[in-house]
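Visitor: Submitted below is the structure of interest, expressed as C-alpha cells.
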Amino acid sequence: MEAKLSFLLEDFPRLLTELDPSTPPAWGQMNVQQMVEHMTDAVLVAAGKIPVKLLSPENRLPQMVAFLFSEDPLPQNVKNPLMAETPAPVRYPNMETAIIELKRALEVFQQAFAENPEQEIVNPFFGPLNYEGQIQMLYKHAKHHLKQFGV
C-alpha cells in the first residue's frame, strides 16, 4: 500500500505536470484539466470532505470491493452517474493551478486519516472504505485517467 500511496502523492502529480494539457483523450469527453479537477473531487470524496450517498446496491458491495482490490483496471468509458453527460467547465485558470489544488486535496486526504485512522468513508460505488481502501480506489482511479491520456 505504501507504493500506491507514494504514487498518488508523488508520481501522479509529477506525471500530470509532464502531460501536455492539449492531449486528446483516448476515450471520454474530459480534457486534461477537467480530468485533474475531477480527480481532485474524487480525493475530497475519499477524505470525507464531499459527502456522497452509496449508489451501488448493498448486496453488490462484496463484488465491488473484490474488483476494487483486484488488479483489473477500471473499464474505459465507464458511466459515472455522478457526472453529467457533458464535462463540467474548468474551475481553475490553468493546469498548474489545477495540479496545485489536487496536491492540496491529497494533503487534506492524508490529514483526514491522520486525525481518525480507523474511520470509514463512503465511496458511492464501493461503499464504506477505510484508509487502505481509499488509497486503492484513488490509485486505480488515477491509473485509469492516466491511461485515458496515454500516460
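The values are calculated or read from the model by the stated rules, or taken from the named source; none is laboratory data. Owing to the predicted nature of the structure, the values given are computational and were not obtained by experimental measurement. Please note: Cβ atoms are built from the backbone with ideal geometry, for glycine as well, and neighbour counts cover all protein chains shown.
Visitor: Select from region 110-124 the residues that are surrounded by fewer than 21 Cβ atoms within 10 Å (Cβ to Cβ) and hydrophobic (A, V, I, L, M, F, W, C) and write down the one among them that is nearest to ALA66 (Cα to Cα).
Guide: Applying the filter and picking the extreme gives VAL122.
Visitor: Then there is this: Restricting region 7-65 to residues that are in a helix (DSSP H, G or I), acidic (Asp, Glu) and over 17 Å from the mean Cα position of the chain (by Cα), which is farthest from ALA84 (Cα to Cα)?
Guide: GLU18
Visitor: Considering each of GLU107, GLU101 in turn, give the residue that is over 21 Å from PRO21 (Cα atoms), out of contact with any strand residue (DSSP E or B) (no Cβ under 8 Å at 6 or more places or on another chain), surrounded by 12 or more Cβ atoms within 10 Å (Cβ to Cβ) and among the charged types (D, E, K, R).
Guide: Being over 21 Å from PRO21 (Cα atoms), out of contact with any strand residue (DSSP E or B) (no Cβ under 8 Å at 6 or more places or on another chain), surrounded by 12 or more Cβ atoms within 10 Å (Cβ to Cβ) and among the charged types (D, E, K, R) holds for just one of GLU107, GLU101, which is GLU107.
Visitor: While we're on this one: Run ALA42 past the list (1) modelled with pLDDT of 95 or more; (2) loosely packed, with under 15 Cβ neighbours inside 10 Å and report the number of the one that doesn't hold.
Guide: Among (1) modelled with pLDDT of 95 or more; (2) loosely packed, with under 15 Cβ neighbours inside 10 Å, the lone unmet condition for ALA42 is (2).
Visitor: Looking only at region 136-151, count how many residues are within 9 Å of the chain's Cα centre (by Cα) and aliphatic (A, V, I, L, M).
Guide: Here the count works out to 3.
Visitor: If you go through region 59-102, how many residues are under 19 Å from GLN148 (Cβ atoms), touching a Phe, Trp or Tyr at 6+ places or on another chain (Cβ under 6 Å) and either modelled with pLDDT of 95 or more or of a type in the set (Lys, Arg) (or both)?
Guide: Number of matching residues: 2.
Visitor: Next question. Consider GLU71 carefully, then state whether it is under 27 Å from ARG14 (Cα atoms), among the acidic types (Asp, Glu) and surrounded by 13 or more Cβ atoms within 10 Å (Cβ to Cβ).
Guide: no
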